[in-house]
Every structure is written in structure tokens, then in C-alpha cells.
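Right, one structure below, let's go through it.
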There are 2 protein chains.
Amino acid sequence: MSKPKNAFYAQSGGVTAVLNASAGGVIETARQHTDRIGKLYAGRNGIIGALTEDLIDTSRESAAAIRKLRDTPAGAFGSCRYKLKSLAENRAEYQRLIDVFAAHNIGYFFYNGGGDSADTCRKVSQLARGMNYPMQAIHIPKTVDNDLAATDNCPGFGSVAKYIAISTREASFDVAAMASTSTKVFVLEVMGRHAGWIAASGAMAADERTQIPIIVLFPEIAFQRDKFIAEVRRKVQQHGYVSIVVSEGVRDQRGQFLSEQGLVDAFGHAQLGGAAPVIARMVKQDLNYKYHWAVADYLQRAARHIASKTDVEQAYAVGKAAVKMALAGDNAVMPAIVRVSNAPYRWKIGAAKLSRVANVEKKLPRNFISKDGFSITQRCRDYLAPLMRGEAYPRYRNGLPEYVKLKNVAVKKKLKENFTP
Amino acid sequence: MSKPKNAFYAQSGGVTAVLNASAGGVIETARQHTDRIGKLYAGRNGIIGALTEDLIDTSRESAAAIRKLRDTPAGAFGSCRYKLKSLAENRAEYQRLIDVFAAHNIGYFFYNGGGDSADTCRKVSQLARGMNYPMQAIHIPKTVDNDLAATDNCPGFGSVAKYIAISTREASFDVAAMASTSTKVFVLEVMGRHAGWIAASGAMAADERTQIPIIVLFPEIAFQRDKFIAEVRRKVQQHGYVSIVVSEGVRDQRGQFLSEQGLVDAFGHAQLGGAAPVIARMVKQDLNYKYHWAVADYLQRAARHIASKTDVEQAYAVGKAAVKMALAGDNAVMPAIVRVSNAPYRWKIGAAKLSRVANVEKKLPRNFISKDGFSITQRCRDYLAPLMRGEAYPRYRNGLPEYVKLKNVAVKKKLKENFTP
């Protein structure tokens with residue numbers, strides 16, 4: 001019997017609270033099929049690790065360490081922001097990938113990322129076929145932005161949604177308590193430069209019991225200062241306070257990012273100050289309400305301590321399914337999450353062709369946004385609710401979550417040539 | 001037998017994740033002693049509720065609702081930022097308090113706040129004595145800043161410390177994964193304008209296992225740009241990345257707040273942009289490292305979802321002890337937390353005279369800060385560790401914590417005169 005092919009796994013783009021859960025799904029499933037899959041190598045810092053032949057031997061990690069990946073945020077092998085050019089533009093890069101894969105007997109390529117990496121994955125698959133190199137390329141979905149096509153939702157998003165909803169609820173309780181003499185307006189800036197899925201989740205902080213007044217500013221809706229200010233005034237007059245959840249990607253009617261407006265440093269250079277302080281300043285100028293603002297930034301996508309259980313399970317499931325698909329002979333596909341029913345929430349894993357996923361951006365549908373453009377519809381609530389459900393607490397030691405740091409032992413290089421990406 | 005005296009309870013200043021746990025301790029304990037304490041009234045929006053005779057009848061809340069206070073952040077009765085002037089300056093205000101108390105047969109005054117409210121509590125006690133009005137005034141400690149004297153630590157602080165340490169750890173895992181091609185520096189701005197206790201807790205994110213490189217910027221240490229930049233460069237060269245925890249209260253050597261430096265809007269008006277973006281900009285200008293920054297703001301002090309169990313227990317205990325002290329005949333005192341031992345951590349409740357607490361600010365001792373001024377010492381770690389220990393998760397419903405909103409039924413007014421504070 002011939003030696004089984006090895007596999008390569010890499011993490012791509014911005015990391016999430018559950019990206020490592022997908023890695024755990026891949027590694028644990030591969031370990032159950034050593035007759036078909038030999039070693040599983042991970043790219044150190046993503047695809048750059050493949051290009052530079054900097055591979056990590058995951059077989060050197062204990063089962064206990066791999067199990068902890070499920071509870072550990074970010075990217076255990078390192079990720080990168082590195083988009084391969086088109087085949088026509090930089091065929092050498094793809095050729096190098098195949099050379100590295102061939103040198104290490106790699107026949108499975110698992111690429112864990114967003115829309116760009118789905119595209120890369122597809123190109124690698126095409127090139128391998130063109131070169132008669134036997135390779136199965138499977139893309140594993142990941143993105144906090146929830147903007148991938150052909151899957152009901154993206155692993156990574158549910159946990160951010162949960163974090164933002166909880167944080168907005170908590171901060172709103174705070175403002176409500178302070179509003180009589182102090183802060184009346186709280187502004188929280190969230191991620192999602194092009195799609196408003198994360199911003200929408202802020203509106204989930206309110207329900208019939210809490211009755212929290214919330215204004216959401218979506219990247220899909222052009223910002224109009226007068227309309228916004230009128231809504232802030234109305235909410236404060238009615239409730240005494242208001243919470244504003246603003247996407248980092250909100251633009252005005254000319255298409256300019258709010259975060260790029262107006263601030264200059266002592267030398268007159270324009271400064272990217274964040275959308276939250278810009279919104280807060282407008283509220284102060286136009287209404288003279290006392291405000292506070294927060295920018296969640298990495299805190300929201302790394303918050304494994306309050307990850308959604310649904311999200312953790314789905315992230316693991318797509319990793320596991322990717323290996324199963326590879327074993328079933330699939331190529332240029334992605335395990336997708338299929339919503340079977342809403343109440344009770346049921347989901348299963350389907351398969352999506354990469355041609356349907358690559359470079360497509362799924363924005364928040366207009367019917368998920370309320371008519372006035374400042375909130376979400378019941379339809380959106382029904383979609384979001386199950387994705388944030390369940391808690392999957394990590395283990396704690398001395399008051400802090402125990403996150404694993406892998407050994408990340410390098411595989412010996414076999415190629416003579418170096419490559420600088 | 002004469003009718004037992006009623007009690008008044010008010011929340012003061014910035015709210016915390018566990019302020020309501022203290023309220024729960026007061027109310028549940030008072031309810032066990034109805035022979036001695038009649039009704040417990042809460043001030044709507046703090047002391048302003050007493051001045052305006054806007055009292056809340058807590059007896060209208062169910063035992064289940066009161067039990068949930070322990071799990072609910074912020075201030076369930078509303079708080080306020082309102083400092084009573086000195087007796088000489090505004091005796092009428094104190095007179096009004098006594099009038100309201102007398103009208104409602106109030107003989108116990110429980111004031112839950114920081115240094116300012118300890119001072120108010122003491123003055124109310126003095127004035128009542130001077131007027132021969134029978135009144136026991138007990139201060140209940142609360143502040144995220146941990147700057148109260150005469151207590152080992154302040155309820156509210158442990159939970160913020162835990163939140164900041166966890167968030168710093170999580171974001172650091174994120175930066176570590178991204179650093180090869182993208183973000184190398186993460187900046188987190190935290191509260192604590194005058195004292196560096198919260199900033200110090202950021203350093204707890206690192207331990208021997210995680211080895212996270214962290215720079216802390218304390219309000220107690222004058223900021224020096226060149227020294228700071230050299231430290232950032234050193235850490236990035238050694239580890240590939242660095243996390244910076246900056247107190248909102250950091251000042252330069254001239255005493256100017258970093259957050260007040262340099263930014264002007266389109267009209268040339270100076271803007272308070274936060275310390276984090278100022279630090280991030282310096283890193284960009286001097287080292288050209290890619291950065292991300294976050295401002296936690298209210299998120300940190302409202303984060304009941306990840307409150308410290310120690311903190312929740314201590315907050316409840318000081319509320320309970322305040323009632324016990326009142327029943328024991330004490331006046332002008334505060335239940336204080338006394339550390340009995342570090343390992344294992346043991347604490348008890350002691351009593352502190354308000355004269356020792358009022359208007360005293362406890363800063364981070366110099367021997368809690370490392371020699372270079374950028375980190376904490378083992379002594380500081382030993383102090384902080386037990387305060388963040390234990391998780392006290394709230395109940396969840398549909399993926400979100402179930403926080404209670406009380407009915408807050410108003411007590412019928414008895415005085416003819418209105419009072420405008």
C-alpha cells in the first residue's frame with residue numbers, strides 16, 4: 001500500500017473566537033483516519049507558511065492540547081492578510097505552492113478563511129488539476145462579518161453577535177442608571193466595514209423585558225445627520241437615554257466613511273479616529289447631551305470567554321466536515337451551514353461549490369433593516385437569535401481563561417530554493 | 001411598641017457590575033429584621049431622590065426580583081453624579097434631607113458609593129446629631145477605581161480587573177496571530193483617571209504560560225514618549241507584537257492628559273479623543289507598526305457577564321454588613337474588606353470610621369509598579385489575583401443574560417414643598 005497523502009491546513013485573514021475550533025475539527029478528524037491522511041501540517045502564519053515552506057507538524061501536539069483549541073480564541077498557527085494574485089499575474093506563487101505541497105507529499109489543502117481565501121482555494125484547485133497534481137482543495141468558512149455567500153451563516157459571527165448584544169445590554173443598563181444627571185447617550189463602535197450583520201446584533205440587546213432604546217447605524221444605510229439627530233432626541237425624550245451601535249463602515253451620502261471625517265492632528269494630517277467619537281461629537285454639538293463612547297475592536301472578535309455555543313459547535317462541525325469531504329473525494333467545495341428550521345433551530349452541514357462563494361459579499365438584506373433605517377425587523381431577529389444561543393465557557397485558572405499555546409514545531413524544509421512572498 | 005424606623009438606601013456615582021449585589025445584600029438583610037427596620041426606601045437616581053422626595057418602595061418588589069439584583073449590573077434604582085456642598089455652603093440641602101427622612105420616619109441612611117459619598121454620609125450623620133434627629137448613617141463602599149482608603153479593596157473593582165485582564169489576554173492572542181503581516185501593536189484604553197489599579201490589572205493577562213508582552217501606562221507615572229517608544233520597539237523585536245494597556249488618566253511630564261493632546265475638529269476645536277488613539281498614532285509615527293486600538297469605557301464596568309465571584313460575594317457582604325452594623329447601633333461607619341491572608345485568600349468584614357474614608361484617594365503604591373514603570377511587581381500580582389478569582393455567571397435566556405428591571409414604584413409624597421437640587 002502506498003503511503004497516505006499528507007494534508008495542509010492554514011488560517012487566513014482576521015481571526016475569530018472560534019477559528020481554532022475549526023482547526024480542532026480538522027485535526028481531530030484527520031487523526032481518526034491515519035490510513036487515508038498521513039501528517040497534518042499547518043501553515044505558520046497562514047498561506048505564507050506554505051509559500052516559505054514554514055510548515056508546522058501538528059502531530060507533535062498532544063490530544064489534550066488539540067482538544068483545548070476548541071476553547072481558545074484567535075489563530076493558534078498564526079494567520080495572515082495575504083491575498084494571492086490572479087494566476088495570470090503571479091503564476092510563480094501558485095507554482096511554488098504546488099512545489100511545496102509535492103515536496104511534502106501533500107494531497108489535501110484545507111483553507112480556513114473568508115471570501116478571498118475561498119477564491120485562492122479555488123485557484124489552487126484549478127492549477128493543480130491543470131498540472132495533473134493530485135490535490136483536493138476544501139475551503140472552511142470563517143468570518144466575523146458573516147458576509148460569505150452559500151452558507152446560512154459564518155462561523156465566528158455568532159460569537160461576535162453575542163458579545164455585541166451582551167455588551168450593548170450591559171452598557172445600556174449603565175447609561176440608564178446614570179442618565180438623570182450624567183451620561184444620556186452611549187455609543188458603541190462595532191466591526192463590519194461593508195456588511196451590517198454585527199451592527200444588527202447590537203439591536204438584540206433590547207427585548208420586551210428590557211425595553212432598551214437603541215439606534216443602529218448600518219453601513220448599508222447612508223448616514224444623514226439631521227435624521228439621526230432627530231431620532232436621538234426622540235429616544236432621549238421618551239426613555240431618558242439611548243444607546244447607539246455604529247458600524248465602523250458607516251458612510252455619509254457622498255460615500256465618505258464617518259470615521260475619516262474632520263479630525264486632524266497637530267500637523268494638520270487627517271486622522272482616522274473611529275466612527276464612535278465622530279457620532280458622539282455630533283450628539284454633543286447638536287443636542288448637548290453628555291455622552292460616553294466605546295470602540296470594541298479586537299475585543300469583540302477575540303471574546304472566547306462569552307462565545308456562542310452554537311457558533312463553537314458549527315465552527316468545529318465545518319472543520320470536521322471538511323475532512324470528511326476530502327475523504328469522500330470532493331474538491332473545490334466548502335462545507336456550508338444550512339438552516340433546517342428556526343423554531344426549534346436546526347441546522348446541518350451542506351456542500352457549496354467554491355465558484356458560488358469566491359469573492360461574493362453577502363450584505364444585510366433591506367428587509368432585515370427597519371423602515372426608518374435605525375433598527376432591525378422581526379425577520380432579522382429570527383435569523384440572529386439562534387446563532388448567539390448557548391454559552392460555551394472555557395476553563396478558568398486563577399480567574400483567567402486557560403487558553404492553549406501550541407508548541408508549533410517546524411517541519412524540516414526539503415526545498416533548496418527560498419521564496420519571498 | 002413603637003413602629004420600627006424605616007430605612008433609606010441610595011446608589012451614588014458611577015455604577016458597577018456588582019453595585020446591585022450590595023443593594024441585594026441591604027434589602028434581603030433588612031427584610032429579615034422587620035421588627036427593627038420597617039420599609040426600605042431607595043432614592044430614585046441616588047441622593048437626588050431623597051432631595052426631591054422621590055422615594056422607591058422596595059417592599060413592592062418580589063423576593064425573586066431582589067434575588068436577581070445579585071446578577072444584574074449597573075444601578076437598579078438609578079444613580080447620580082451629585083456632590084452635596086459643605087454644610088456651610090448649602091445647609092438647606094442637608095436640612096431638606098432631614099425633612100424628607102423625618103416625613104417618612106427614616107432612621108437608617110445607607111449610602112452606597114465612593115469617596116465623595118462617604119463624605120456626604122458623614123455630614124448627614126453630623127447634621128442629624130446636631131439637630132437631635134435620630135439617624136444612623138452607614139456608608140457602603142463601591143468604586144471600580146479601587147481608590148477608597150480603609151478597605152483592602154472596593155467592591156466593583158475585582159470585576160473590572162477580571163474583565164480587563166481577560167480582554168487583554170484575548171486581544172493579545174488575536175494580535176499574536178496577525179502580527180506577521182498585519183497588526184503588531186494593540187492598544188486598550190481603560191478607566192481609572194487618578195489611580196492605576198485598573199491599568200495594573202491588564203498586566204495580569206500575561207503569565208508564565210502565555211508569555212504575553214504587555215506595556216502598562218499608569219496615571220501614576222509621567223509619560224515619556226521616547227522611553228515608551230523604545231520599549232514598544234524592544235517588545236515587538238523580541239515577541240513580534242505587543243499589547244499596551246493605557247489608563248485614561250495618563251499625563252505627560254507637564255501634567256497634561258494624553259487624551260487632550262493634539263486633535264482638533266474641522267473648526268479647529270480641541271477634541272477629547274481618548275488616550276488609546278493618541279498612543280496608537282505615536283506608534284505609527286515613530287515606528288510605522290500597524291496598530292489596532294480599543295476603548296472599553298462602560299463595557300468594562302458593566303460587564304456582569306464575566307464578573308468576579310469574589311467581587312460579587314464581597315459586594316453582597318458589605319451590603320449585608322451595613323444593615324447588621326445599623327442594627328448594632330453603629331453610626332458614621334463603613335463596612336470594610338479586610339484581607340486576612342493571601343494564600344489561601346481569606347477576607348472578613350471590618351468597620352472603618354468615615355473620617356478615615358471621606359475624600360481620601362488611594363493610589364497604586366510605587367512598589368506595585370515595576371522599576372521601569374511599564375509593568376507590575378509580584379507584590380501587585382499577589383494583591384490582584386484573588387480579587388478576580390471565580391466566575392459568577394448570570395442566567396441566560398435566548399443567548400443573553402437575564403438582568404432584572406425592577407418596578408420601582410414611587411412612595412407617596414408627604415411634604416408640601418418641592419425642592420430643586
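The values are calculated or read from the model by the stated rules, or taken from the named source; none is laboratory data. Keep in mind that this is a model prediction, so the values were computed, not measured. Here the Cβ positions follow ideal geometry from the backbone for every residue, glycine too, while neighbour counts run over all protein chains shown.
Some values worked out for this structure:
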read-out: Residue that is farthest from B:MET178 (Cα to Cα) [pool: residues in the range A:282-312 that are in contact with a Gly (Cβ under 8 Å, 6 or more places away or on another chain) and charged (D, E, K, R)]; value: A:LYS309
read-out: Criterion: in contact (Cβ under 8 Å) with a residue 12 or more places away in the chain, outside any helix (DSSP H, G or I), within 30 Å of A:ILE229 (Cα to Cα) and within 17 Å of the chain's Cα centre (by Cα) - qualifying residue of A:ALA149, A:ALA161, A:ALA195; value: A:ALA195
read-out: Answer residue from the range A:406-421, given it is among the hydrophobic types (A, V, I, L, M, F, W, C) and in contact with a Phe, Trp or Tyr (Cβ under 9 Å, 6 or more places away or on another chain) and is farthest from A:ASN105 (Cα to Cα) among those; value: A:LEU406
read-out: Those residues of the range A:215-245 which are within 13 Å of chain B (Cβ to nearest Cβ) and under 29 Å from the mean Cα position of the chain (by Cα), in sequence order; value: A:SER243, A:ILE244, A:VAL245
read-out: Where a residue in the range A:108-136 is within 22 Å of A:GLU361 (Cβ to Cβ) and its partner, wherever it lies, is basic (Lys, Arg) and crowded, with 21+ Cβ neighbours inside 10 Å, with Cβ under 7 Å and at least six apart; value: A:ASN112/A:LYS142; A:GLY113/A:LYS142; A:GLY114/A:LYS142
read-out: Members of the range B:136-164 that are surrounded by 24 or more Cβ atoms within 10 Å (Cβ to Cβ), of a type outside the set (S, T, N, Q) and away from every other protein chain (no Cβ under 14 Å); value: B:ALA137, B:ILE138, B:HIS139, B:ILE140, B:PRO141, B:ASP145, B:LEU148, B:CYS154, B:PRO155
read-out: Residue match in the range A:178-187 (condition: in a strand (DSSP E or B) and surrounded by fewer than 24 Cβ atoms within 10 Å (Cβ to Cβ)); value: no
read-out: Helices (runs of 4 or more DSSP H) fully within the range B:13-125 counting 1 or more residues that are within 11 Å of chain A (Cβ to nearest Cβ) and modelled with pLDDT of 95 or more; value: B:19-31, B:47-51
read-out: Scope the range A:80-99; condition charged (D, E, K, R) and touching a residue at least 60 places away in the same chain (Cβ under 8 Å); matching residues; value: A:ARG81, A:GLU93, A:ARG96, A:ASP99
read-out: Residue check for B:ALA102: surrounded by fewer than 21 Cβ atoms within 10 Å (Cβ to Cβ), among the aliphatic types (A, V, I, L, M) and without any contact (Cβ under 8 Å) to a residue 60 or more places away in the chain; value: yes
read-out: Condition check for A:ASP372: within 14 Å of another protein chain (Cβ to nearest Cβ) and either part of a loop (DSSP other than H, G, I, E, B) or farther than 30 Å from A:ARG122 by Cβ (or both); value: no
read-out: Exclusive hit being of a type in the set (Ser, Thr, Tyr), more than 9 Å from every other protein chain (Cβ to nearest Cβ) and in contact (Cβ under 8 Å) with a residue 60 or more places away in the chain, set B:SER180, B:SER167, B:SER201, B:SER172; value: B:SER201
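So that you can scan it fast, the table gives a plain yes or no per residue for (1) at the interface with chain B (Cβ under 9 Å from one of its Cβ atoms); (2) touching a residue at least 12 places away in the same chain (Cβ under 8 Å); (3) on the phi < 0 side of the Ramachandran plot:
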site: A:ARG379; (1), (2), (3): no, yes, yes
site: A:LEU387; (1), (2), (3): yes, yes, yes
site: A:GLU391; (1), (2), (3): yes, yes, yes
site: A:ARG395; (1), (2), (3): no, yes, yes
site: A:GLU402; (1), (2), (3): yes, yes, yes
site: A:LEU406; (1), (2), (3): no, yes, yes
site: A:VAL409; (1), (2), (3): no, yes, yes
site: A:LYS416; (1), (2), (3): no, no, yes
site: A:PHE419; (1), (2), (3): no, yes, yes
